[in-house]
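Below is one structure, written out as structure tokens, with a few remarks after it.
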Amino acid sequence: MKLRLIFSRVRSARVSDELRGWLIQGGGNVRPSDITSLCPTKRDVWLIRHGVKMNSEGVIGKGLSYHNEVLGVVSEAVRNGWEGVGRALDYVRTHAGMWALALATAWLSNGAVPPIAIEPRLPPAAGFTSSRPDMVIGNSPVEVAYINGGSRYVELKRIELAAYSLIIEALTNIPVDVAYLIVITDRSVNTEDVVIDDTLRSEALTVRDAIAEIINSKTPPPLPGNCPQSCPLRRYCLGGSDG
Ligand code: SF4
């Protein structure tokens, strides 16, 4: 298993001053996680903002299991060190959990776990509403993504990371030039350094404003041609009474 300790060598990116988080205005009611919502037309974002409840059974999937296992192991290591890693052995079931165990073990063997916040609730900033990245390591946001098929989801995850970076910059006044994406497939786990450059920053703001417009619309977006099987609102949209 190829293992990186997550911290990259990227220390700075070329970023225009006006695209730093502390100078960003506008927006207001969009969460970074809306950027990666499942629905191609963002109908899910509109429905939830307008009071429709998710069918919680629908969101328990393989991706969520991997996500919870990775975050569970890391949080044990952060809170309880070696003892926590020992405890995590009891519930690790998948290759993603083993990867997290190997990572936590490497951190501890190297002297210490880096400063990590697990799912911190961030207040509104940079024109986004309150949000919760999966982790923040040092000053860099981290997302855990399960990929099963197309690469568009990875592209959107990078934009979501740019949104968290803008928010953290706005809250701390410290530049965030790199974020991390932990990509899990059914056979592998990889860590990607995501350089938060001008392109990603601009995309995050464009998508933010497009989603804000959708949320503020009086009518929901149309159904897309194809609804993902894993969408928890399928019964609501396509017939049923989950809402
Ligand atoms: S069921 Fe289809 S239309 Fe409804 S939110 Fe999900 S993907 Fe969008």
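Annotations
- A simple charge model with +1 on the Cβ of Lys and Arg, -1 on the Cβ of Asp and Glu and nothing else charged puts the dipole of the stretch 78-179 at about 180 debye relative to its Cα centre.
- Using every pair of distinct Cα positions in the stretch 56-134, the Kirkwood expression returns a hydrodynamic radius of 13.7 angstrom.
- Local charge for Asn29 was computed over the other residues whose Cβ lies under 14 Å away, with Lys and Arg +1 and Asp and Glu -1, and equals +1.
- Rg/Rh (Cα only; Kirkwood hydrodynamic radius) as it applies to the stretch 174-242: 1.10
- Relative contact order of the stretch 63-191, defined on C-alpha pairs under 8 angstrom at six or more residues apart (%): 21
- Kirkwood Rh and Cα Rg combined as Rg/Rh, the stretch 203-243: 1.06
- Förster radius 30 Å - calculated FRET efficiency between Thr199 and Glu119 (Cβ-Cβ, nearest 0.05): 0.65
- Between Ser151 and Asp209, the contour length at 0.36 nm per residue exceeds the alpha carbon distance by 18.6 nm.
- Sequence-separation-based contact order of the stretch 176-243, relative, with Cα cut under 8 Å and 6+ spacing, percent: 17
- Taking all pairs of distinct alpha-carbon atoms in the chain, Kirkwood radius in angstrom: 18.9
- Antiparallel bridge percentage (DSSP; both residues within the stretch 88-243; nearest 5): 75
- Helical segments meeting 24 Å axial Cα length and Kyte-Doolittle 0.0 threshold in the chain (DSSP H): 152-172, 198-216
- Taking only the Cα atoms of the stretch 12-53, the radius of gyration and Dmax are 14.6, 42 Å.
- Extension gain, Ala13-Leu223: 0.36 nm per intervening residue step, less the Cα-Cα distance, totals 71.7 nm.
- Taking 16 Å as the cut-off, the amide N atoms of the stretch 197-214 that come nearer than this to a point 7 Å along the Cα-to-beta-carbon line of His50 belong to 211-214.
- Pairs of lysine residues in the chain - Cα separation under 26 Å, sequence separation of 8 or more or cross-chain: 10
- For the stretch 146-200, average projected area of the Cα convex hull in nm²: 3.9
- Compared with the rule-of-thumb size 2.2 N^0.38 Å for a compact globular protein, the stretch 118-209 has a Cα radius of gyration ratio of 1.04.
- Comparing mean-square fluctuations of Ala212, Ala126, Ala13 from a GNM of the chain with C-alpha springs under 10 Å, the top value falls on Ala13.
- Trypsin sites (Lys or Arg not before Pro) restricted to DSSP loop in the stretch 126-233 with at most 13 other C-beta within 10 Å: Arg187, Lys218
- Estimated vicinal HN-Hα couplings, Hz - the stretch 125-141 in sequence order (Karplus 6.51, -1.76, 1.60; Gly, Pro = x): 6, 6, x, 10, 7, 4, 8, 9, x, 4, 8, 10, 10, x, 10, 9, x
Values in this text are rule-based calculations from the coordinates and carry no lab data. Note that the coordinates shown come from a computational prediction; the quantities given were computed from them, not determined experimentally. Virtual Cβ from ideal backbone geometry, glycine too; neighbours counted across all protein chains shown.
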